[in-house]
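A.B. asks: Structure below; questions to follow.
The values are calculated or read from the model by the stated rules, or taken from the named source; none is laboratory data. Since the structure is predicted, the reported quantities are computational estimates derived from the model, not experimental observations. A quick note on method: Cβ atoms are made from the backbone with ideal geometry, for glycine too, and the neighbour counts reach across all protein chains shown.
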Amino acid sequence: MSAPTSPANAEVGQLYQHHHLWLQHWLRRRLSCPQRAADLMQDTFVRILASSESLELVRLLREPRSYLATVARRVMIDHFRRQKLEQAYLQALAAQPVYEEISLEERLLILETLREVDRLLAGCGAKARQAFLMANWLGMTYGEIATALGVSLSSVKKYMYKTTERCLLLAFDEQP
């Protein structure tokens, strides 16, 4: 059973019957894509049907094609905005690093390396160790480290000198 047709819906139906082909051709000239033109033509009439103000306007139209072109232009603008937003979202997704599962061997190597670094830094103070790790693992600048640790820039330089020197001395001492 179909829904009762209101006078306004009947007028939109007549507007559609008389002008939908014209509107589709108008859109096709602007979009160079018959499928997109057909979609946006339908979206234009859906927008008109969805708006109570538009339904009232349809009764008073003197130049229906001008009105349809205005509504279709707005539908086209919304379409291109959504398309641009979608492209930006897809580009942002593509720029995200791909999560990779690391193998058990790689995990063991990482843990072994961390233990070795911990052993090499064992004789250094806590802030010196933190500064070394912030610089080498987190990629922080000396200024950022100084702020994070609440110390001066010259202290960070001393910590880095001390930890680097210790690592090099201990690493060379273990060589055969």
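A.B. asks: Could you check the stretch 22-38 and list, in sequence order, the residues that are surrounded by 14 or more Cβ atoms within 10 Å (Cβ to Cβ) and farther than 15 Å from R74 by Cβ?
C.D. replies: Narrowing the stretch 22-38 to residues surrounded by 14 or more Cβ atoms within 10 Å (Cβ to Cβ): 22-24, 26-28, 30-31, 36-38.
Result: W22, Q24, R28, R36, A37, A38.
A.B. asks: Can you name every residue in the stretch 63-84 that is more than 17 Å from V12 (Cβ to Cβ) and surrounded by fewer than 18 Cβ atoms within 10 Å (Cβ to Cβ)?
C.D. replies: Going through the stretch 63-84, the residues more than 17 Å from V12 (Cβ to Cβ) turn out to be 73, 76-84.
Once the filter is applied, which keeps residues that are more than 17 Å from V12 (Cβ to Cβ) and surrounded by fewer than 18 Cβ atoms within 10 Å (Cβ to Cβ), the stretch 63-84 yields R73, I77, D78, H79, F80, R81, R82, Q83, K84.
A.B. asks: Here's another thing I want to ask about it. State whether the residues of the stretch 45-53 include one that is exposed (fewer than 11 other Cβ atoms within 10 Å of the Cβ) and either outside the structural domain of Q17 (by TED's automatic domain parsing) or part of a loop (DSSP other than H, G, I, E, B) (or both).
C.D. replies: Checking the stretch 45-53: not a single residue is exposed (fewer than 11 other Cβ atoms within 10 Å of the Cβ) and either outside the structural domain of Q17 (by TED's automatic domain parsing) or part of a loop (DSSP other than H, G, I, E, B) (or both).
A.B. asks: In the stretch 88-130, which residue that is touching a Cys at 6+ places or on another chain (Cβ under 8 Å) and in a helix (DSSP H, G or I) is surrounded by the fewest Cβ atoms within 10 Å (Cβ to Cβ)? So that I can check it myself, show each step before the final result.
C.D. replies: Filtering the stretch 88-130 for residues touching a Cys at 6+ places or on another chain (Cβ under 8 Å) gives 117, 120-121.
From the residues that got through so far, the ones that are in a helix (DSSP H, G or I) too are 117, 120.
Details: V117: 17, L120: 19.
If we take residues in the stretch 88-130 being touching a Cys at 6+ places or on another chain (Cβ under 8 Å) and in a helix (DSSP H, G or I), then V117 is surrounded by the fewest Cβ atoms within 10 Å (Cβ to Cβ).
A.B. asks: Look through A122, A171, A92 and report the one residue that is aliphatic (A, V, I, L, M) and either at pLDDT 80 or above or touching a strand residue (DSSP E or B) at 6+ places or on another chain (Cβ under 8 Å) (or both). Please lay out each step first, then the result.
C.D. replies: Working: A122 fails: either at pLDDT 80 or above or touching a strand residue (DSSP E or B) at 6+ places or on another chain (Cβ under 8 Å) (or both); A171 fails: either at pLDDT 80 or above or touching a strand residue (DSSP E or B) at 6+ places or on another chain (Cβ under 8 Å) (or both).
Selected residue: A92, the only one of A122, A171, A92 that is aliphatic (A, V, I, L, M) and either at pLDDT 80 or above or touching a strand residue (DSSP E or B) at 6+ places or on another chain (Cβ under 8 Å) (or both).
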